[in-house]
Amino acid sequence: MHQGETLAVEPNVEQLPKALAGQVTLKSIGEALQQADVLVMLVDHNEFKAIAPEAVKQNWIVDTKGVWR
């Protein structure tokens, strides 16, 4: 069984807290859009609002902020 990898995009930090080491990988928006199978929008940063809809290719999207309606 493939466990998968958890990617995080946080445009306001350069490094994740050490407590997340080995559990979460920090990626750029572009990298995450290319690599992720599922997108989960948890915060509505302007950088996320600026993503063009055609750049989002994932079939599974959970948008808790209503950004990609």
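Counting just the residues of segment 2-17 that are touching a helix residue (DSSP H, G or I) at 6+ places or on another chain (Cβ under 7 Å) and assigned to a loop (DSSP other than H, G, I, E, B), which one comes out nearest to W60 (Cα to Cα)?
Just the residues of segment 2-17 that are touching a helix residue (DSSP H, G or I) at 6+ places or on another chain (Cβ under 7 Å), to begin with: 7, 9, 11.
Next cut, assigned to a loop (DSSP other than H, G, I, E, B) only: 9, 11.
Values: V9: 17, P11: 22 Å.
Checking each candidate, the answer is V9.
The rows are residues; the columns are (1) at pLDDT below 95; (2) surrounded by 11 or more Cβ atoms within 10 Å (Cβ to Cβ); (3) among the small types (G, A, S); (4) on the phi > 0 side of the Ramachandran plot.
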position	(1), (2), (3), (4)
L7	no, yes, no, no
K18	no, no, no, no
K27	no, yes, no, no
W60	yes, no, no, no
V67	yes, yes, no, no
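Being part of a loop (DSSP other than H, G, I, E, B) and touching a Phe, Trp or Tyr at 6+ places or on another chain (Cβ under 9 Å), is that true of even one residue in segment 18-25? Give the steps one after another, and end with the answer.
The first filter runs over segment 18-25 and keeps only residues part of a loop (DSSP other than H, G, I, E, B), leaving 21-23.
Cutting the leftovers down to touching a Phe, Trp or Tyr at 6+ places or on another chain (Cβ under 9 Å) gives us none.
No, segment 18-25 contains no residue that is part of a loop (DSSP other than H, G, I, E, B) and touching a Phe, Trp or Tyr at 6+ places or on another chain (Cβ under 9 Å).
Among the conditions (1) of a type in the set (A, V, I, L, M, F, W, C); (2) in contact (Cβ under 8 Å) with a residue 24 or more places away in the chain; (3) out of contact with any Pro (no Cβ under 9 Å at 6 or more places or on another chain); (4) part of a loop (DSSP other than H, G, I, E, B), the only one that W68 does not satisfy is (3).
The values are calculated or read from the model by the stated rules, or taken from the named source; none is laboratory data. If you're wondering where the values come from, they're calculated on a predicted model, not measured in any experiment. Cβ sites come from the backbone with ideal geometry, for glycine too, and all protein chains shown count toward neighbours.
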